[in-house]
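In what follows, a structure is listed as C-alpha cells, so that the remarks can point back to it.
Nothing in this text is a laboratory measurement; each read-out follows from the coordinates by a stated rule. No experiment lies behind these values; they were computed from the predicted model shown. So basically every Cβ, Gly included, is an ideal-geometry build from the backbone, and we count neighbours across all protein chains shown.
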Ligand code: SER
C-alpha cells in the first residue's frame, strides 16, 4: 500500500470503466491473469458473475457522475485507467447529446481524476483510451478509395457524433498530458505540479470481432453479427453493400495491442494516438468465408443508406507504421487465419455448449 502526500494509505488499483462491454470482457480476463494491482471495475449495469470474480471490486457507476466516482476512488490509489465507457457510432446518432455527455464529459471526469491522483501521489497515472476509425471522415467514396491506407493525422473530419467525440477526447488526452492548467499559479511559479501527471495513450481501434461477445450500437457490427448469426443457424441481412470495406481485427489482438501500448516505456512513444488493425476485408469477402465454414448460412445484403454512408466515410485500411515502430504492434492474424484459428473453433464451441 502506498502513502499519498496527504499521508493517507490507499490500495493500488487498475480502474476500468465500461467494464461490462466487449473490450472490458477481454481486458479483465487478460489483466487478472497478470500480477497487477487490484482491478476496480465500473459499469452502468451489473457485471456478469465470471467477470466480477476476476475483479477486486465492482461498482455500478456512471462516468458522468463525478461525485459517485470520487466516492469510490477515495479508497484507492489509481495507477492505471482503462476508460472504455462509450456510446458507439450507431447508437450515438439516435441520441447525439446523450452520446456527447457520456463520451466527452465522462472522459473529462476520468482525465481530471487521473490528474488529481497523479498530483496527489507524485507519479503519473496512465490513462489508456480506445479511440476509433470513426475519428476519420471522407466526404465521398471516391476520396476513400483514393486515400488507401491512412495515417493518424490525415482525413480526420468525422461525420458522426461518436467520431467527433473520440477525436476531441484524443486532443483532451494530449492536453491533460502536456498542457493541463498551464497558466495556473502552481504551474507558473517554477514548481509545475500539473505537468506529466497524466500519461495518456490511445489506440484507434478498427472494427473488432470477438468469438465470445456481440457488439451493440456500433456501425462495424455487420461483421460480428454476420458470423454469430451463422454460428447460431440464423439468417442475416447485412446493412451495408457487399463491396463495403473497413479495417478489422480480432478481440484478442485488440486486447494484446492495448496492453502492449500500456506497457511500452514512455520514452519510446513518439505520438499520443496509434492506428491498429489486422485486415481489411469487404463485407462480401467476410460473407464468403462465413459460408465456407457454415455452409447453411443464409446471408443477404440490404444496405441501409444512412448506416452505409457512415461506413463509406471510414477508411478502407489503416497505416499502422507508427504503432509497429514505436511499440512493436504486429497483427497476429490474416482474415483467413482469424477464422480458422480463433473465430470458428471458439464460436462453434460456445454455441454448442448453450444448445
Ligand atoms: N466499432 C465502432 C462502431 O462501430 C467503430 O470503432 O461504432
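In plain terms, the residue of 228, 25, 178 with the fewest other Cβ atoms within 10 Å comes first and the most crowded comes last, giving 178, 25, 228.
Look at the Cα gyration tensor of the stretch 8-115: its axes a ≥ b ≥ c give a/c of at least 1.5 with a/b at or below b/c, and that counts as oblate. Any idea what the relative contact order of the chain is, in percent, if you count C-alpha pairs under 8 Å spaced at least 6 apart? Rounded, it is 17 percent for the chain. Using the rule -39500 (n - 2.57) for each DSSP H run of four or more residues, divided by the residues of the chain, the 222 nm mean residue ellipticity is -11500 deg cm²/dmol. Just to verify a number: FRET efficiency for residue 269 and residue 235, C-beta to C-beta distance, R0 = 45 Å, to 0.05? The computed FRET efficiency comes out at 0.45.
Ranked by the mean number of other Cβ atoms within 10 Å of their residues, highest first, the peptides 128-136, 71-79 come out as 128-136, 71-79.
Computed from Cα atoms, the angle from the helix 161-178 axis to the main principal axis of the chain rounds to 30 degrees. Quick one: helix 344-354 against the long Cα principal axis of the chain, what's the angle to the nearest 10°, folded into 0 to 90? Compared with the principal axis, the helix lies near 90 degrees.
Where a ≥ b ≥ c are the square roots of the eigenvalues of the C-alpha gyration tensor, would you call the stretch 69-226 rounded, which needs a/c under 1.5, or, failing that, prolate if a/b is larger than b/c, or oblate? In terms of gyration-tensor shape, prolate. Rounded to the nearest 10 degrees, the angle from helix 283-293 to the longest Cα principal axis of the chain is 70 degrees. Highest mean first, the peptides 219-225, 297-303, 89-95 sorted by other C-beta atoms within 10 Å per residue fall in the order 219-225, 89-95, 297-303.
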